[in-house]
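Nothing in this text is a laboratory measurement; each read-out follows from the coordinates by a stated rule. Everything numeric in this text was worked out from a predicted model, so none of it was measured. Cβ coordinates were reconstructed from backbone atoms using ideal geometry, including for glycine residues, and neighbour counts include every protein chain displayed.
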Amino acid sequence: MIIKKSVALQVLNAALATGGDLAEIYYQDNIVHRYGLKYKKVDVVSSSKQRGVGIRILKGKNYVYGYTSDLSSKALISLASSLALGFEGERIKEVKDLKEKKHGNLNPIKIPHSAWTTEQKLSYLKKGEDAAYNYSSKIQNYAGSLFEQDEHVEIYNSSGLFVRDDRVRTRLAVSVTATDGTQFQDAYQAPGLSQGLELLENIDIVKLVLETCETAVELLTAEDSPSGNMPVVLGNSFGGVLFHEACGHPLEGSAIYRASSPFYGKLTKTVASSVVSAYDDGTIPNGWGTENIDDEGNEPTKNELIKDGVLTNYMVDEFTSRSIENSKPTGSCRRESYRFAPTTRMTNTFIAAGDSDPKDIIASVKDGIYCKDFAGGQVDQSTDQFIFTSTTAYRIKDGKITHMIKPISLVGYGYEILPNITMVGNDIARAPGVCGASSGSCFVEVGQPTLLISSILVGGAGGK
């Protein structure tokens, strides 16, 4: 225990002095290392450390939250006492003991970040740089970077819980810029997992960079995109970002308990076509969004959200479960750091594999678009309207993928798109991302198989 048991008990009891029914201490020690090459030179070698404590007190359907980087017992007790003043009342609970909760390890690490020197890591990135500039004279710039996180968290609460977890993540990112003298086009790939440096040993960086270069150069001669409502095939893996943003966020307890989600009150109702099933699964081994415990100390779950088109569950944390009837925490309470109050967030969210062969999905489209990759997008949380940019897209003509087109935008509403998914492939894949919301930026995975949306509004996003 980083915080002595005697101190944790004093802090929790100080927090409960005015009638709070649950008090929680969240300790975080997070170290991040970054390495990067850009414009044929070392761009960054940096380390950062974040260490502190957040304290939350719940009373019914209200809570207060505060944080500090001062870990002295005096500072922690003072913060808890100050937060308790946010409520009026008499003590209803006293914490007398804390017992450690044991859990399994979903993210085994084979090669720790300390196993390679800085020179070895930069040399690895340099292999990608050499491959990029040797690919074509049209490659103007290569940027390669490595992100490493080593995080330790501990949670103590007034239910007598003490639990801790070590979280390790590694992500490689490569981007290239191509030019023909009149325009610039970019391409980007960034695989990552809750692993150590074995991630790098399992990735052929030269192959990854060459694929990225090929996309950037091909974009230089891509035609302008069509516009209007038409069939669109979304590729697997990062294509799942559309479901994540347009449908995943509205299924989080933070939207449901406020009754601001289009899916509020829709449990057991049909919200998608019968070929759609979807999960938020925090139990995937080494998944980018996988953690052994969430930020309330609960173990993750494989949470079925949609089954054969029917809405079956939401993502819920302790606080939002108090306002959502017949719900209980699903192990999906998360935050960026101790400086943020936690809330319900996605972990690894995806549309499940279907029965269709991806080739048959393409063959079913007479005139449409195939979106291979996305750069992300945004959603108006008040209306659920989304806009997403597909950076790598192709025309489909008479059931065949033809030529590349310039980046396109997809516009619509999540609750309208789900019923328009008419075919789902058997080739599910997942990809890492970073999701921002009220509790800060969290690491999440998105995913899906190849799927067909029978009709969606398409607009040109343009090139640089």
Taking the Cα atoms of region 228-460, what is the range of coordinates along each of the three principal axes, in descending order and whole Å?
52, 33, 32
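Between Lys61 and Ser227, what's the calculated FRET efficiency when r is the beta-carbon distance and R0 is 30 Å? Round to 0.05. Before the final figure, lay out the partial values.
Numbers: r = 46 Å, r/R0 = 1.54.
Here the calculated transfer efficiency is 0.05.
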Can you give the extra length, in nm with one decimal, that the chain gains between Leu85 and Thr270 once fully stretched, where that is 0.36 nm per residue apart less the Cα-Cα distance?
62.1 nm
By how many nm would the segment from Lys96 to Gln378 grow when fully extended, if each residue of separation counts as 0.36 nm and the alpha-carbon distance is taken off?
96.8 nm
Which residues make up the longest stretch of the chain clear of GluC sites (Glu not before Pro) that lie in a DSSP loop with no more than 12 other Cβ atoms within 10 Å, not counting the sites?
95-324
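At 0.36 nm per residue, minus the direct Cα-Cα distance, what do Ala115 and Asp308 gain on full extension? Give it in nm, one decimal, please.
Details: separation 193, 0.36 × 193 = 69.48 nm, distance 4.59 nm.
Extending this stretch completely gives an extra 64.9 nm.
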What spacing in nm lies between the two simple spin-label points modelled at Lys138 and Thr402, each 7 Å away from Cα in the Cβ direction?
2.0 nm
Where labels lie 7 Å past Cα in the beta-carbon direction, separation of Asn105 and Asn426 in nm
3.6 nm
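From the C-alpha gyration tensor of the chain, pull out the three semi-axes of the equivalent ellipsoid (sqrt of 5λ each), sorted largest to smallest, in whole Å.
On the way: eigenvalues 343, 166, 58 Å².
Computed over the chain, the values are 41, 29, 17 Å.
May I ask for the Kirkwood hydrodynamic radius of region 343-464, worked out over all distinct Cα pairs and given in angstroms to one decimal? If you can, show how the numbers build up before the last one.
On the way: mean 1/r = 0.0643 Å⁻¹.
Computed over Cα pairs of region 343-464, the Kirkwood hydrodynamic radius comes out at 15.6 Å.
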Suppose every K and R has +1 on its Cβ and every D and E has -1 on its Cβ; what is the size of the dipole of region 228-460 about the Cα centre, in Debye to the nearest 20?
540 debye
Report the calculated FRET efficiency for Ser441 and Ile2 (r = Cβ-Cβ distance, R0 = 30 Å), to the nearest 0.05.
0.80
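What is the sum of charges, Lys and Arg at +1 and Asp and Glu at -1, for the other residues whose Cβ falls under 12 Å from the Cβ of Val217? Can you show the working numbers first?
On the way: positive: Lys138; negative: Asp180, Asp186, Glu211, Glu214, Glu218.
Combined, the nearby Lys, Arg, Asp and Glu give -4.
Go ahead and run the numbers for FRET between Asp360 and Val206, Cβ-Cβ distance against an R0 of 35 Å, rounding to 0.05.
Working: r = 33 Å, r/R0 = 0.95.
Step by step, r from the Cβ atoms, then E = 0.60.
Rounded to the nearest 500, what is the chain's calculated 222 nm mean residue ellipticity when only DSSP H runs of at least 4 contribute -39500 (n - 2.57) each, over all residues? Kindly include the intermediate steps, with their values, before the conclusion.
Details: 9 runs with 78 residues, N = 464.
That calculation yields -4500 deg cm²/dmol at 222 nm.
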Past 24 Å, Cα to Cα: identify those pairs from Lys307/Lys400; Lys372/Lys400; Lys138/Lys400; Lys41/Lys121; Lys38/Lys207, in the order given.
Lys307/Lys400; Lys138/Lys400
For region 187-340, what is Rg from Cα atoms divided by 2.2 N^0.38 Å, rounded to two decimals?
1.29
Could you give me the percent of Cα pairs per 10 Å distance bin for region 110-265, shortest bin first, beginning at zero and ending with the bin that holds the maximum distance?
9, 24, 26, 24, 14, 4, 0
